[in-house]
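S.K.: One structure follows; several queries about it will come next.
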Amino acid sequence: MAKYHYREAPTEKQRKAFAKYLSEDEELVLVTSFSRAYIRSKFVMYLLFPGMLFFGIGLGIGWLLGLEESARMWAFFLAIFLMILAAILRTMHIYHANRYLLTTRRVIFKRGLFSVKLMSALYDKVTHLEVDQTFIDRLFFHHGNIMIHTAGGGSIVLKYIDYPIEIKNLLERLINREREQVGLRGVPISTVEGEIIS
């Protein structure tokens, strides 16, 4: 039996947080973001910049103030703390500022924390899906990109998403279900069947 990675439905906290982006006749099916491997690589990059900048500032302040040896050691530890803190804050911002929402009617890409940019595509307007996953991404990182092409030539790209084949399969089921229910708007929406959402 295959192992599936997207089993849990959105938490109550996620439902409340993203309710303002949904219309009254749709429900949240899945909330995801960049893959863990991508977030870890960004953390390492942010340790280098701006982390090394804060490290240099901390050491420079300790050196310029002409502190004693023990105080310089504290300046060194403060510099390391500032370096790690800067990397953590930048990484958390990247993770929380980019969310992919799958609902019962559309896919939504939310970008930003304070100023928000939303892109969405209704399932009945989706023409086809593409998954772009290199050999290295598939073997080591388990992430890839999904391109969602819509009628009219527009597209939405879900970048660096964990297990993109599973998300593509879920999207196809949601798209097929929406197309079957196009004329049945008054009928209650049933839950997604299958292995992804319980």
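Each value in this text was obtained by applying a stated rule to the coordinates, not by laboratory testing. Please read all numbers here as calculations on a predicted model, not as lab measurements. Neighbour counts are summed over all protein chains in view; Cβ atoms, including those assigned to glycine, are modelled from backbone coordinates with ideal geometry.
S.K.: Let me know the charge dipole size of the chain about its Cα centre in debye, to the nearest 20, where only the beta-carbon of Lys, Arg (+1) and Asp, Glu (-1) is charged.
M.R.: My answer is approximately 280 debye.
S.K.: Can you give the relative contact order of segment 50-116 as a percent, counting alpha carbon pairs under 8 Å and 6+ residues apart?
M.R.: 28 percent
S.K.: Using mean projected area of the Cα convex hull in nm² as the read-out, say which of (i) 15.3; (ii) 10.6; (iii) 14.7 was calculated from these coordinates.
M.R.: Looking at mean projected area of the Cα convex hull in nm² for this model, the match is (i).
S.K.: Pick out, from PHE77, HIS143, LEU101, the residue whose Cα sits farthest towards the positive end of the charge dipole of the chain, with +1 on the Cβ of Lys and Arg and -1 on the Cβ of Asp and Glu.
M.R.: About the Cα centre, the residue reaching furthest to the positive side is PHE77.
S.K.: How many Lys pairs in the chain lie less than 20 angstrom apart by Cα atoms, where the lysines are 8 or more positions apart or on different chains?
M.R.: Within the chain, the lysine pair count is 14.
S.K.: So, one more: In degrees between 0 and 90, to the nearest 10, how far off the longest principal axis of the chain does helix 69-97 point, with axes built from Cα atoms?
M.R.: Tilt relative to the chain: about 10 degrees.
S.K.: Still on this structure: What distance in nm separates the two pseudo spin-label positions at ILE61 and GLU8, each 7 Å out from Cα along the beta-carbon direction?
M.R.: Taking the two extended label points, one gets 3.8 nm.
S.K.: Given contacts defined as C-alpha pairs under 8 Å and at least six residues apart, what's the relative contact order of segment 117-170, whole-number percent?
M.R.: Normalised by residue count, the contact order of segment 117-170 is 33 percent.
S.K.: By the gyration tensor of its Cα atoms, with a ≥ b ≥ c the square roots of the eigenvalues, what is the shape of segment 18-135: rounded for a/c under 1.5, prolate for a/b over b/c, or oblate?
M.R.: prolate
S.K.: Something else about it: Sequence-distant or interchain residues sharing an amide H contact under 5 Å with ARG105, placed H: which?
M.R.: GLU27
S.K.: Let me know the Rg and Dmax you get for segment 1-71 when you use only its Cα atoms, in Å.
M.R.: Values for segment 1-71 (Cα only, Rg and Dmax): 22.5, 67 Å.
S.K.: Sticking with this structure for a sec: Taking 8 Å as the Cα distance limit and 6 or more residues as the minimum spacing, I'd like the relative contact order of the chain as a percentage.
M.R.: Taking the mean separation of contacting Cα pairs over the length of the chain, I get 23 percent.
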